[in-house]
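Engineer: First the structure, which I've put down as structure tokens, then a few questions once you've had a look.
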Amino acid sequence: MATAMKKLLHPHRSREENRSGHDSHSSGHERQDSAAMERAREEEKQNLMQWEEQKQPLEPGQIDDANHKTVGQSSSVLRQQDFELIKTLGTGTFARVWLVRLKNVNHGNENVVFALKILRKTDVIRLKQVEHVRNERNVLAAVAGHPFITTLVASFQDHDSLYMLLDYCPGGEVFSYLRRARRFNEPTSQFYAAEIVLILEFLHEREGVAYRDLKPENILIDAEGHLKLVDFGFAKKVENRETYTLCGTPEYLAPEVIRNTGHGTAVDWWAFGILVYEFLVGQPPFWDQNPMKIYEQIVEGRVRFPSAMSSDARDLISGLCTVDTSKRLGNIQGGAGAVKAHPWFRNIDWDAMYHRKVNGPIVPHLRGPADTRNFDEYEPESAEREPYTQEMSNKWDEYFKDF
């Protein structure tokens, strides 16, 4: 897939065209280019049909090797018309995610499905989300192949929309399972927490990326019962710098975000502590009808634990939900390694966990790969759309070139 795309990104042009024969040559070249484009498009669609066989977690070094991995690439040949839109899986202020399959597939490939995130350029611009959308695409491309992050299979665009083709997680949100169960038992919580530690370790220590929106609604369960982190709209490559954008969900915000004193990857370890607490208790530690009251509780940073919670779990959460970032577990010396070494994780085989050799505690009941029973119903899309004008195109297309 990647090779076909690279050929297309740098089409070979003959330099020996002379002026007199330019027009006739030009129409011939256009026909050749069009035929080459069509061949590459068919080749890419064939590759997508083999997706299920190719789908496997990559080693960290392979994920970083953008030149040799087939996922996370930008495609100049795929089009929305290549896909049949089956059902809306989710909507946001400027995006809609569809369950899709390739059109005109061979018999036996009907079950090769994807999630296609469609973003309207006019909405992205109007809502001042250009930077967030670019960050999302580029971070997802960089991390494509990680066992517990939604895989960006390819991205592409047309005149008025941007597209991200992602792997489909038929299990739905962890949030739904947590609400049904009220709370998870300790082994289930440890399993999910361990997979999230591996995500944060990779994002922070290999990519320098702060995710900034960790919560149960952004974690899906795949067909085998493993987690997949989705929605990288707030993710940002910060490395060792600090950033000041206020973003996230009130109950999960770290104190330094609320105080606007500058924040980095440490915000994810705070949110991770809140998440582990919510897994074990069924609700986050800081909550009120009024968001301002939540913020006051967070900045004060006093976590109250139920008496039934194990001492190891309390110690882990206390270490993660520490207001002082220089003392926060995950952000102190040892980084993610210090979290992995915590007694609460003593029964975790980290290598087996990364390679998905441990069975997931909740395996969704599915009728097949295209089952959507774990997703809500959504209103159809409005037919009225603001056009993406030539003037907008001239100004903004440069910003979307990575797609």
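Readers should treat all values here as calculations from the given coordinates under stated rules, not as data from a laboratory. Quick caveat, the model's predicted, so the values are computed rather than measured. Glycine gets a Cβ as well: all are built from the backbone with ideal geometry, and neighbour counts include every protein chain shown.
Engineer: Longer than 18 Å from Cα to Cα, which of 55/228; 128/395; 237/395; 121/236; 228/357; 55/357 are they? Say none if no pair is.
Structural biologist: Values: 55/228 14 Å; 128/395 14 Å; 237/395 25 Å; 121/236 20 Å; 228/357 16 Å; 55/357 15 Å.
Pairs exceeding 18 Å: 237/395; 121/236.
Engineer: Got a sec to turn the phi values of region 252-258 into Karplus ³J(HN,Hα) couplings, 6.51 cos²θ - 1.76 cosθ + 1.60 with θ = phi - 60°, whole Hz, x for Gly and Pro?
Structural biologist: Using θ = phi - 60°, the values come out as 9, 5, 7, x, 5, 6, 5 Hz.
Engineer: While we're looking at this one, here's another question. For residue 214, list long-range residues whose amide hydrogen, built 1.01 Å from N in the peptide plane, is under 5 Å from its own amide hydrogen.
Structural biologist: Amide H neighbours of residue 214, under 5 Å, 5+ apart: none.
Engineer: So how do 164-174, 82-92 stack up, highest first, on mean other-Cβ count within 10 Å? Present the calculation step by step, with values, prior to reporting the outcome.
Structural biologist: Details: 164-174: 22.7, 82-92: 16.5.
By packing density, highest mean first, the sequence is 164-174, 82-92.
Engineer: Please give the length that would be gained between residue 104 and residue 241 if that part of the chain were fully extended, namely 0.36 nm times their separation in residues minus their C-alpha to C-alpha distance (nm, one decimal). Let's see the in-between values first.
Structural biologist: On the way: separation 137, 0.36 × 137 = 49.32 nm, distance 4.83 nm.
Extending this stretch completely gives an extra 44.5 nm.
Engineer: For an R0 of 25 angstrom, estimate the FRET efficiency from the Cβ-Cβ distance between residue 87 and residue 56 and round to the nearest 0.05. Please report the intermediate quantities before stating the final value.
Structural biologist: Numbers: r = 27 Å, r/R0 = 1.06.
Computed FRET efficiency for residue 87 and residue 56 comes out at 0.40.
Engineer: What shape does the chain take by its C-alpha gyration tensor, where a ≥ b ≥ c are the square roots of the eigenvalues and a/c under 1.5 counts as rounded, a/b above b/c as prolate, and the rest as oblate? Intermediate values should be presented prior to the final figure.
Structural biologist: Working: a/c = 1.99, a/b = 1.76, b/c = 1.13.
Because a/c hits 1.5 or more and a/b exceeds b/c, the chain counts as prolate.
Engineer: Give me the percent of DSSP beta bridges within the chain that run antiparallel, rounded to the nearest 5. Walk me through the numbers on the way to the answer.
Structural biologist: Numbers: 33 of 36 bridges.
For the chain, the DSSP antiparallel bridge percentage is about 90.
Engineer: Quick one: net charge of residue 300's neighbours, Cβ under 15 Å, K/R +1, D/E -1? Can you show the working numbers first?
Structural biologist: Working: positive: 259, 293, 302, 304; negative: 251, 256, 288, 296, 324.
Net local charge, residue 300 excluded: -1.
Engineer: Give a residue-ordered list of calculated ³J(HN,Hα) values for region 154-167 (Karplus: 6.51 cos²θ - 1.76 cosθ + 1.60, θ = phi - 60°; whole Hz; x for Gly, Pro).
Structural biologist: 6, 10, 7, 8, 10, 4, 10, 9, 10, 10, 10, 8, 10, 6
Engineer: Around residue 163, what is the net charge, scoring Lys/Arg as +1 and Asp/Glu as -1 over all other residues with Cβ under 12 Å from its Cβ?
Structural biologist: Working: positive: 79, 96, 117, 120, 121, 137; negative: 82, 158, 160.
Residues close to residue 163 contribute a combined charge of +3.
Engineer: Let me ask something else. Once you place label points 7 Å from the Cα toward the Cβ at residue 293 and residue 363, how far apart are they in nm?
Structural biologist: Roughly 4.4 nm, to one decimal.
Engineer: Given the options 226, 365, 263, state which has the largest fluctuation in a GNM of the chain using a 10 Å cut-off (strictly under) for Cα springs.
Structural biologist: The residue with the greatest mean-square fluctuation here is 365.
Engineer: On full extension of the chain, what length is gained from residue 401 through residue 205, given 0.36 nm per residue of separation minus the C-alpha to C-alpha distance? Intermediate results must be reported in sequence, preceding the final value.
Structural biologist: Details: separation 196, 0.36 × 196 = 70.56 nm, distance 2.74 nm.
Fully extending the segment from residue 401 to residue 205 adds 67.8 nm.
Engineer: Report, in debye and to the nearest 20, how large the dipole of region 174-354 comes out about its Cα centre when Lys and Arg carry +1 and Asp and Glu carry -1 on their Cβ.
Structural biologist: Approximately 380 debye in magnitude.
Engineer: How large is the dipole of the chain about the Cα centre if only Lys and Arg carry +1 and Asp and Glu carry -1, each at its Cβ, rounded to the nearest 20 debye?
Structural biologist: Working: 50 positive and 59 negative charges, 73 e Å.
Approximately 360 debye in magnitude.
Engineer: From Cα pairs below 8 angstrom and at least 6 apart in sequence, can you work out the relative contact order of the chain, rounded to a whole percent?
Structural biologist: Values: 637 pairs, mean separation 66.4, N = 403.
RCO, the chain: 16 percent.
Engineer: In whole angstrom, note down how far apart the Cα centers of region 306-358 and region 133-168 are.
Structural biologist: Their Cα centres are 30 Å away from one another.
Engineer: Calculate the spin-label point distance for residue 65 paired with residue 39, positioning each point 7 Å from the Cα along the beta-carbon direction, and give it in nanometres.
Structural biologist: 2.8
Engineer: Test of understanding: ordering 344, 269, 287, 396 by Cβ neighbours within 10 Å, fewest first, what list do you get?
Structural biologist: Details: 344 22, 269 27, 287 12, 396 15.
Final ranking by Cβ density, sparse to dense: 287, 396, 344, 269.
Engineer: Next up: How high is the relative contact order of region 280-403? Use alpha-carbon pairs under 8 Å, at least six apart in sequence, and give a whole percent. Intermediate results must be reported in sequence, preceding the final value.
Structural biologist: Numbers: 45 pairs, mean separation 14.1, N = 124.
Dividing the mean separation by the residue count of region 280-403 yields 11 percent.
Engineer: Another one. For residue 87, list long-range residues whose amide hydrogen, built 1.01 Å from N in the peptide plane, is under 5 Å from its own amide hydrogen.
Structural biologist: Under 5 Å from the amide H of residue 87 lie the amide H atoms of 99, each far enough along the sequence or on another chain.
Engineer: Hey, what did region 174-354 get for relative contact order, percent, Cα under 8 Å, at least 6 apart? If you can, show how the numbers build up before the last one.
Structural biologist: Numbers: 262 pairs, mean separation 42.1, N = 181.
Once normalised by length, the contact order is 23 percent.
Engineer: If you don't mind, there's one more thing I want to ask. Quickly work out the residue 381-to-residue 182 label distance, labels modelled 7 Å from Cα along the C-beta direction, and quote it in nm with one decimal.
Structural biologist: Once both label points are built, they end up 4.2 nm from each other.
Engineer: Another question about this same structure. In the neighborhood of residue 289, defined by Cβ-to-Cβ distances under 15 Å, what is the net charge if each Lys or Arg adds +1 and each Asp or Glu adds -1? If you can, show how the numbers build up before the last one.
Structural biologist: Details: positive: 293; negative: 251, 288, 296.
Result for the local shell: -2.
Engineer: What is the distance in Å between the Cα centroid of region 179-207 and that of region 33-76?
Structural biologist: Taking the Cα centre of each part, region 179-207 and region 33-76 sit 29 Å apart.
Engineer: Here's a follow-up. Of 400, 348, 157, which is farthest along the charge dipole of the chain in the positive direction, counting Lys and Arg as +1 and Asp and Glu as -1 at C-beta?
Structural biologist: Result: 348.
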